[in-house]
1. Quick check on my filter: what residues within region 265-319 are without any contact (Cβ under 8 Å) to a residue 60 or more places away in the chain, of a type outside the set (Val, Ile, Thr), touching a strand residue (DSSP E or B) at 6+ places or on another chain (Cβ under 8 Å) and farther than 23 Å from Leu28 by Cβ?
2. Filter region 307-346 for residues that are more than 9 Å from the ligand (Cβ to nearest atom) and among the acidic types (Asp, Glu); which is nearest to Lys363 (Cα to Cα)?
3. Would you pick out the residues in region 330-384 that are free of Cβ contacts under 8 Å to residues at least 40 places away in the same chain, touching a helix residue (DSSP H, G or I) at 6+ places or on another chain (Cβ under 8 Å) and of a type in the set (Val, Ile, Thr)?
4. Among the residues of region 21-73 satisfying the criterion of being of a type in the set (S, T, N, Q) and in a loop (DSSP other than H, G, I, E, B), which is surrounded by the most Cβ atoms within 10 Å (Cβ to Cβ)?
5. Give region 282-306 a look and list any residue that's within 16 Å of Arg374 (Cα to Cα) and within 16 Å of the ligand (Cβ to nearest atom), or say none.
6. I'd like to know if region 308-316 contains one or more residues that are assigned to a loop (DSSP other than H, G, I, E, B) and at pLDDT below 95.
7. Considering region 251-262 alone, what residues qualify as being crowded, with 18+ Cβ neighbours inside 10 Å and either in contact (Cβ under 8 Å) with a residue 60 or more places away in the chain or in contact with a Phe, Trp or Tyr (Cβ under 6 Å, 6 or more places away or on another chain) (or both)?
8. If Tyr321 satisfies every condition in (1) over 31 Å from the mean Cα position of the chain (by Cα); (2) aromatic (Phe, Trp, Tyr); (3) outside any strand (DSSP E or B) but one, which is the exception?
Amino acid sequence: MSGAPARGVQVIGPGGSFATPRDEHGFLRPRRKAREVRVGNLVLGGAHPVRVQTMTKGDTGDVETTFDEVVGLEAAGCELVRASVPTMREAKALGELKRRIKIPLVADIHFSAPLALEAIAQGVDKVRINPGNIGTREEVERVVRAARDRGVAMRIGVNSGSIRERKALEVKAQDEDMVELCVREALRHVEIFESLKFHDFLISIKAHTVPLTVAANRRLAAACDYPLHLGVTHAGSAEPSLIKSSAAFGILLAEGIGDTIRVSITGDNRQEVRVGHVLLQALGLRAPTFDVYACPSCGRAEIDLIGLTKKVEEATKGLTYPCRVAVMGCIVNGPGEAAEADVSVSAGKGAGFIYRGVKMIKKVREEDIVRELRAEIDAWIAEKQAAEGAAAQG
Ligand code: SF4
């Protein structure tokens, strides 16, 4: 993994450690007991962490450029990466790409069993097929046998759009019908995979609406024990995508459903990865890291809060130790609202009041806020680390 960890993101390398997540208020339902599936150097399902993945956006056949893209995604915290394979040219490039990257490589296949077979021959870690368009049962069986014999995992990736398109002439599918159709399509392929004694696969049912995504995944979770990949497809640009993904994943993950996630954004895929981690942290499924938050500001603010927050973020760049830092616009409400922060500053007239929890530490001049806040953060982290070191020694 190269580069600095992304802001507010706990980067977990494939072979690295995973700090215990926190369910502070007991709101998470017990995790669904999914079968464990190995994908390259990761194990998915079971009690293993929910993993964050994304797709590359460039030309998979251009290995040099795609490698650079994956390095950037790894630095952002990507834990599995999927690449599209539209033709045999891209399929034949997968082997070299696989040899150069550190995280598991997933080939995304539509419309062509021969492409899936070539991806498997190239040594990818997982092949995602779309049952809606991959071909006949015989073709699916050839792919499954090849994956089984090479120890390659698969994903049955059902997409409500493909099903709607195929079924358009047969039924006037409403969302209720679509839940049934999507789940039936996934289970039809489960039956094919199992008939060949192949069990190393995940399933996903993606739709572009939250209700369909949630309903279909709930039903699928109850119908089988394979690990599930969550996604809201065609979710749009950052704002609508984050809202839809947070709503759907929040419901499902809080119910213990979901083993990998992808936040699909029409935009930067490193952002997909970063927000995926933040979402997991927000739910208590990932250990917290260094985090700066700020009040929204209002007529009571005694300072340019947006400017101050940016300066604090800049001054603390690179810190990863779990520490909650709050930047508050006024001394009237700031200290109370920031009581759960480890270190905070609340602005007064031409001054800043620096707190640890609810205890005021010092009053500083406005122009010294950023420097003094950083010094207090450093002192807080040093004390915590010293205490941890002493505890570890017995
Ligand atoms: S902390 Fe003060 S400035 Fe910030 S939103 Fe609350 S009242 Fe407004």
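1. Ala294, Cys295, Ala301, Glu302, Leu305
2. Residue satisfying both the conditions and the ranking: Asp342.
3. Val343, Val345, Ile354, Val358, Ile361, Val364
4. Per the criteria, the residue is Thr60.
5. Val292, Tyr293, Ala294
6. no
7. Once the filter is applied, which keeps residues that are crowded, with 18+ Cβ neighbours inside 10 Å and either in contact (Cβ under 8 Å) with a residue 60 or more places away in the chain or in contact with a Phe, Trp or Tyr (Cβ under 6 Å, 6 or more places away or on another chain) (or both), region 251-262 yields Leu253, Ile257, Gly258, Asp259, Thr260, Ile261, Arg262.
8. Against the list (1) over 31 Å from the mean Cα position of the chain (by Cα); (2) aromatic (Phe, Trp, Tyr); (3) outside any strand (DSSP E or B), Tyr321 comes up short only on (1).
The values are calculated or read from the model by the stated rules, or taken from the named source; none is laboratory data. Note that this is a predicted model, so its numbers are computed, not measured. Backbone-built Cβ (ideal geometry, glycine too); neighbour counts: all protein chains shown.
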